[in-house]
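Just below is one structure, and these are the notes that go with it.
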Amino acid sequence: MAILPIYTYNQPVLRKKAKPVKSVDEEFIRFVEDMFETMHTANGIGLAANQVGSLRRVIVVDITDVMKEKEGSGGENGEDIPPEAKAPLVMLNPEVVGEAGEWVMEEGCLSIPDIREEVERAEAIRVKYKDLEMNDKELLADGLLGRVILHEIDHLNGVLFIDRLSKVKQKLLKGRLNKIRKGEMETSYPIVTELVEAK
């Protein structure tokens, strides 16, 4: 497995719509494995293909460590955790087909290092997707799992979490975003800061 560099704010690939995955081969499976390796190395809990420079409609999600911490702290008992949250999840061509409620939570993004802001999203979602065998799947997700899936699907549509902030908040972040644009930040994972055209 390889660690892929993560494309940071202002890269064209982050503003493009990813294209549906039509088939799965060995190269694609290796790519998904690399996405997981990259996400884990960067201590992330979700990653979209756009973030590693590919316009394939695939996301990976892994909130197992967060769930273990909650179980350990007595914050949630294990029975409340959906089975899908107990294992890493790969979603090809994910599509939200239902939403309910709304809640606000702080979010960050590996493509926008060191910026965290509160974002309002649906509290529960129903999402259709294909697995690595190209089987049709449907998942009801709420809480953190639902939020991560929504955040990553946004990426596949060329939307960043900062786009969901108020205009005032976006203005206040301008200086920090300019620093990221110029590559004036440090990360513990490899990044691409020089402009690269989206493929």
Seminar exercise, completed: Extend 7 Å from the Cα of residue 3 along its Cα-to-C-beta direction; within segment 22-44, residues with backbone N under 12 Å of that point are 37-44
Seminar exercise, completed: Per principal axis, largest first, the Cα atoms of segment 131-186 extend in Å by 44, 23, 19
Problem set entry | Links that overshoot a 29 Å alpha carbon limit, given the list 17/179; 16/171; 68/130; 130/171; 16/128; 137/182 | 130/171; 137/182
Seminar exercise, completed: Out of 153, 39, 7 - ranked by how far each Cα lies towards the positive end of the dipole of the chain, with unit charges on the beta-carbon of charged residues - the top one is 7
Exercise. Ignoring any ligand, DNA or RNA, what whole percent of the accessible area of the chain comes from carbon and sulfur when the probe is 1.4 angstrom?
Worked result: 47
Problem set entry | Estimated dipole of segment 1-67 in Debye, rounded to 20 [Cβ of Lys and Arg +1, of Asp and Glu -1, Cα centre] | 600
Exercise. Extension gain residue 114-residue 186, at 0.36 nm per residue separation less the Cα-Cα distance, in nm?
Worked result: 25.0 nm
Exercise. R0 = 35 Å: FRET efficiency of residue 30 with residue 171, Cβ-based, nearest 0.05?
Worked result: 0.25
Exercise. Comparing 60, 127, 24, which has the greatest mean-square fluctuation in the GNM of the chain with Cα pairs linked when under 10 Å apart?
Worked result: 24
Exercise. So, counting K/R as plus one and D/E as minus one, what does the shell of residues with Cβ under 13 Å around residue 170 add up to?
Worked result: +4
Seminar exercise, completed: Semi-axes (Å, rounded, descending) of the ellipsoid equivalent to segment 101-199 per its C-alpha gyration tensor are 27, 19, 11
Exercise. Among the helices of the chain (complete DSSP H runs), which have Cα atoms covering no less than 18 Å along the helix axis and a Kyte-Doolittle mean of at least 0.5?
Worked result: 143-156
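The values are calculated or read from the model by the stated rules, or taken from the named source; none is laboratory data. Remember, predicted model here, so these are calculated numbers, not experimental data. Cβ: placed from backbone, ideal geometry, glycine included. Neighbour counts: every protein chain shown. Ligands, DNA and RNA are excluded from the accessible area calculation, which covers all protein heavy atoms including side chains. Shrake-Rupley method; radii C 1.70, N 1.55, O 1.52, S 1.80 Å.
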